[in-house]
Every structure is written in C-alpha cells, then in structure tokens.
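To start, the structure under review is shown below, and the notes come after it.
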Amino acid sequence: MKSICKSAAAVAALLLAPTASAALITFEAAGANAAAITPTRDAFRAAVGGGTTAGANGSFGGLRREINWDGVPNAFADPSALPADFFNVNSPRGAVFSTPGTGFLVSANAGQASPVLFGFPNDFQAFSAQRLFTAVGSNITDVSFFVPGTTTAATTSAFAAIFVDVEVAGLTTMEFFDQSGSSIFSRDVLVGGNQGLSFLGAVFDAGEPISRVRLTSGLNTIVANGVLGNSNDDVVVMDDFLYAEPSRAVPEPSGLTLAGLGLLAGLSWPRRRRQDA
Ligand SMILES: [Ca+2]
Ligand SMILES: [Ca+2]
Ligand SMILES: [Ca+2]
C-alpha cells in the first residue's frame, strides 16, 4: 500500500510540475562553441550531484561519472579501436558500449600518426580537448551500465552526452531504456550547425532506473579516419558523456507478480475473516 500511495503522490506532483514529464528533467543547449553549452552542462552536473569533480575509477559512493575520452592512451585511439569495455575494465566506470557497426574509435591527439578530429577538421571540434568518440560503420552507440569494474548489471538515473556537428534536425537522438528493455524516453538533439556542439541530458528525478541509453549520431557513419559511409548525410560524433554512478540493478516487480500479489491479498482477506468469524 505504501508504494501505491507513493506512486499516487508522484503522479500528483507531476501533474503540478509543468517543466517535468514522467519525473524527467531535460537539459539541452547547442551552439558554435563550448561556451554555448557549458552553462547547461554545469546545470546538469549540479542536478546529478557529486561536485565539480566526477568520480574516477571503481565505486565512489554515488559520485557522478564523466567520460571525456581525453585520457584514453594512444594505443587505444585512432587508428586502433577502443575496446567496448574499456570504461569498465581498463578504466572501470561502469559503462560498456555496443553497436551494430564494427567497433569504436577515439580520435587521435596532435602529433600522432592519424590526423586529429577523425580527419575532419572543418566539421568537428572538441568540447574537451583533444579526443572525440564515434562508433565505426554505424550511427548507433548503446551504453549499458554495470557496477563499476564488475559484470553485475546496474542502472543509472541520469545521462547526458555532447554531440559534435549536428546539422540536421531529427537525425541525432538519445533514447532511454528501462530494465525490461522498454523505451521510456526519447528526444532529438538540438542542431548546433556545422562544427557546432550540442548538449542533451536527462535526469530521472524519481530515480527511475535506466539500464541502457541509445545514442543515434546523425545519419552518416565514420568508416575510418577521413572516410565517411557516404558523402551526403549528416555525420555526427560525440564528446563528453556524463552520468550518475551506476548502482546494482534491482529487479522490478513484473505486472504478473503484482497481479499475483493482488490476487493473493484478495483471497486471503475473506479467508481470515471467515476464520475470525
Ligand atoms: Ca559539418
Ligand atoms: Ca574530449
Ligand atoms: Ca554533421
């Protein structure tokens, strides 16, 4: 009964709060440079908590996590692939990536064999210098969460990403999934223009567990440094990811279980009453 009352209260609160939807607060901004999105990034940081410095590796008691790609060693940067579990094994922050493409690439620093910015200096810029991130051969990156450094499934309650060179509305999106794999929220990333930066984040302030976030980055793909999947569509890459510390996933009661509990409660009352009587 307590949980039902809580839910009712939450629904009532939602109806009274015009800026929130489904206990969700979004943070978004776009523009020509870092200054255009930094205040929104800072507001997201404040909403998630954890101070100005994100947690490093391992579990840090709830500290916010950030991945800016800049600390990835040259050995795991362009032209070498970034391992999908780099940020749960090499640098355990509880994030593991997957893609329908062939893998992931982090851009090279100046002075390395590969040109910086994936070879597209007139399209991309870094929000945090110097490295950027992209899936290879696909515009889709899925981020799944784990208790940092383990294979124990986890959920987070907030996630944000910075996108680079979003030029066409409706092609770059973020979609959030719950533990059952159901989509619970999706939103288009704002257009930042050629070489521009776009920030999109969502905080589930009632603590709804997010087990996966799908980032769709434009319609084009990066095949290799300086090589696009086609010459026409909007190519988009990513910089910083920010998220609340992943914590161990607690299985949600299924509809069947709740129905079963309701049925049991309904059956047990009359029986007791009959016994009492
Ligand atoms: Ca461009
Ligand atoms: Ca960076
Ligand atoms: Ca573009």
Going 7 Å from the Cα of residue 233 in the Cα-to-Cβ direction, what parts of the stretch 136-177 have a backbone nitrogen less than 16 Å from that spot? 136-142, 166-174
At a probe radius of 1.4 Å, what is the per-residue accessible area of residue 167, in Å² to the nearest 10? 80 Å²
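Assuming R0 = 25 Å, can you tell me the calculated FRET efficiency for the pair residue 140 and residue 46, based on Cβ-Cβ distance, to the nearest 0.05?
0.25
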Checking rank on 100-110, 74-84, 196-206, 125-135, with mean other Cβ inside 10 Å and highest first, the result is 196-206, 125-135, 100-110, 74-84
What is the packing order of peptides 179-189, 31-41, taking the mean over residues of other C-beta atoms within 10 Å and listing the highest first? 31-41, 179-189
So, for the Cα atoms of the stretch 23-267, Rg and Dmax in Å stand at 18.4, 73
FRET E, pair residue 98, residue 151, Förster distance 25 Å, beta-carbon r, rounded to 0.05: 0.95
Principal axes of the stretch 170-260: Cα extent on each, largest first, Å: 56, 23, 22
Using a ≥ b ≥ c from the Cα gyration tensor of the stretch 28-160 (square roots of the eigenvalues), is it rounded, prolate or oblate, where a/c under 1.5 gives rounded and otherwise the larger of a/b and b/c decides, a/b for prolate? oblate
Applied in sequence order to the stretch 93-100, the curve 6.51 cos²θ - 1.76 cosθ + 1.60 (Karplus, θ = phi - 60°) yields integer Hz couplings, x standing for Gly and Pro, of 10, x, 10, 10, 9, 8, 7, x
Could you compute the FRET efficiency for residue 74 and residue 208, with r as their C-beta to C-beta distance and R0 at 35 Å, rounded to 0.05? 0.35
What does the C-alpha gyration tensor say about the overall shape of the stretch 100-151? Classify as rounded when a/c is under 1.5, otherwise prolate if a/b is larger than b/c, or oblate. prolate
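Before I look further, what does the stretch 23-267 give for accessible area per residue, probe 1.4 Å, in whole square angstrom?
About 40 Å² of surface per residue is accessible.
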Along the Cα→Cβ direction, 7 angstrom out, place labels at residue 122 and residue 179. What is the inter-label distance in nm? 5.1 nm
Spacing of the two label points (7 Å from each Cα toward its C-beta) at residue 112 and residue 186, in nm: 3.3 nm
With every protein chain in place, the stretch 123-172: carbon and sulfur % of accessible area (1.4 Å): 52 percent
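The values are calculated or read from the model by the stated rules, or taken from the named source; none is laboratory data. Model, not experiment: these values are computed from the prediction. Positions of Cβ are generated from backbone atoms using ideal geometry, with glycine treated the same way; all protein chains shown enter the neighbour counts. Surface areas here come from the heavy atoms of the whole protein model, side chains and all, with no ligands, DNA or RNA. Shrake-Rupley method; radii C 1.70, N 1.55, O 1.52, S 1.80 Å.
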